[in-house]
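One structure below.
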2 protein chains.
Amino acid sequence: MRSVGKRAVVLLSGGLDSATCLALAQRAGFDCHALSFDYGQRHIVELQAARAVAAHLACQEHRIISLDLRSLGGSALTDLRLAVPEQPVAGIPVTYVPARNTIFLAYALAAAEVVDASAIFIGVNALDYSGYPDCRPAYIEAFQAMANLATRAGVEGHGLRLETPLVNWNKADIIRAGVDAGVDFSLTVSCYQADEKARACGRCDSCRFRRKGFLEAGIEDPTRYR
Amino acid sequence: MRSVGKRAVVLLSGGLDSATCLALAQRAGFDCHALSFDYGQRHIVELQAARAVAAHLACQEHRIISLDLRSLGGSALTDLRLAVPEQPVAGIPVTYVPARNTIFLAYALAAAEVVDASAIFIGVNALDYSGYPDCRPAYIEAFQAMANLATRAGVEGHGLRLETPLVNWNKADIIRAGVDAGVDFSLTVSCYQADEKARACGRCDSCRFRRKGFLEAGIEDPTRYR
């Protein structure tokens, strides 16, 4: 049985951006089907954070899909032999997971077809981000064009929109919008190498963007550092 | 250690088309990294067929990735409660798996980045096919455009080509080309509901296209029917 409301699939990592994205989708009136991935990431506490955020925001459904990305290798986020950089780097950093957003969005597309959703929300951001190619607006537009041709929704004409509400915001904007939409950021984890108690390193790319964001937003940083 | 030859990732299902595609990629001089998916398909004997084809054609590597598509539901190929149609149907049939080729190609893109491949081969075919939206040339072109923006290869400019050598061929053309390139079609399984001994039903969409193809090619059909 499907509800009569409009439905969205929302990619939820357990980090700050996707939590805000989920809250904005809920506020926009969508019944939200949150989707998280267990892909052998170092920061497995992210998935616990995703569960806590999904519960706190009372979304319709939260599904965690197991992906075998570790066996493909090639990223410091899934390969324990590679070190997470603690200083800014030029170019695409080693924390980049090959084709990760493409794989995540492909699953979101499948989930959207199955639950008959009219939107997919993804919290990509082209300003305060780590330089991953699959976070750029041009990439999102190209995925949208492909999605329009890939699915029943595309063929039968009722369509499916990729929504990226955070894409042009800086971290401070995202934090302010999240607080406004009811996100409890103490539940979220951004650190690429958080410990088993979800305490952040304070030094990786992701920690630096987050700390600076709270500072600029003038909002107290609830992150627990180790 | 990487070999000096050019590399390709080849999607290999165990069916007739992808076996031909692999043989053509090998013949074109690529070191082939074959990729198959265990996605809870009914026709699990396809994976045994894929292994046999990969071994027979002596490709560089054959990786089988487990995907959790069954929990998403929505297709007769993964949901045992839905019947496989045995007559032609109008529109997109129930055997369509939501976003399947998008998910497969997303993994191929990740694998291509990791092994530094310059091509991905996929045996889609726009003539003798089951009416799936993600087999059409326009879909493939859109995936190519997205892939160009999604990855290191896209950003750093050395590029990655999606190769679809079968796209405009009919089944008889594919069979003739496969035989010419050394495929042993007795190893392949096309049936959507093959039994545990890989014997075909002879009645589903896929069986009908295959049988007709051998007939038109004037090549003896090695398929074992039950």
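The values are calculated or read from the model by the stated rules, or taken from the named source; none is laboratory data. Being a predicted model, the structure only gives us computed values, none of them experimental. Cβ coordinates were reconstructed from backbone atoms using ideal geometry, including for glycine residues, and neighbour counts include every protein chain displayed.
The residue that is nearest to B:R63 (Cα to Cα), counting only those in the range B:111-152 that are of a type in the set (D, E) and at the interface with another protein chain (Cβ under 7 Å from one of its Cβ atoms), is B:E113. Only a single item in (1) farther than 25 Å from A:R224 by Cα; (2) under 16 Å from the mean Cα position of the chain (by Cα); (3) modelled with pLDDT of 90 or more is not met by A:Q144, and it is number (2). Somewhere in the range B:150-165, is a residue under 25 Å from A:Q144 (Cα atoms), at pLDDT 95 or above and in a loop (DSSP other than H, G, I, E, B)? Yes, some residue in the range B:150-165 is under 25 Å from A:Q144 (Cα atoms), at pLDDT 95 or above and in a loop (DSSP other than H, G, I, E, B).
Of all the residues in the range A:170-190, those that are surrounded by 20 or more Cβ atoms within 10 Å (Cβ to Cβ) and out of contact with any Phe, Trp or Tyr (no Cβ under 9 Å at 6 or more places or on another chain) number 5. For the range B:121-139, state whether one or more residues are more than 18 Å from the chain's Cα centre (by Cα) and not in a loop (DSSP other than H, G, I, E, B). No, the range B:121-139 contains no residue that is more than 18 Å from the chain's Cα centre (by Cα) and not in a loop (DSSP other than H, G, I, E, B). Does B:L57 satisfy the condition of being among the hydrophobic types (A, V, I, L, M, F, W, C), at pLDDT 95 or above, under 30 Å from B:G202 (Cβ atoms) and more than 13 Å from the chain's Cα centre (by Cα)? Criteria met by B:L57. Just a yes or no: is a residue in the range B:204-211 at pLDDT 90 or above, in contact with a Cys (Cβ under 7 Å, 6 or more places away or on another chain) and under 22 Å from B:E61 (Cα atoms)? No; the residues of the range B:204-211 include none that is at pLDDT 90 or above, in contact with a Cys (Cβ under 7 Å, 6 or more places away or on another chain) and under 22 Å from B:E61 (Cα atoms). With respect to the conditions (1) farther than 15 Å from A:L47 by Cα; (2) of a type in the set (D, E, K, R); (3) over 17 Å from the mean Cα position of the chain (by Cα), A:D205 lacks only one, and its number is (3). Note on the range B:23-47: residues that are more than 20 Å from B:L67 (Cβ to Cβ) and buried (at least 19 other Cβ atoms within 10 Å of the Cβ) total 6. If I ask for residues that are of a type in the set (D, E, K, R) and touching a residue at least 40 places away in the same chain (Cβ under 8 Å), which ones from the range B:209-226 would you list? Residues satisfying the conditions are B:R210, B:K212, B:E216. Screening B:Y139 with (1) within 21 Å of A:E141 (Cα to Cα); (2) crowded, with 19+ Cβ neighbours inside 10 Å; (3) out of contact with any helix residue (DSSP H, G or I) (no Cβ under 6 Å at 6 or more places or on another chain) gives one miss only, at (3).
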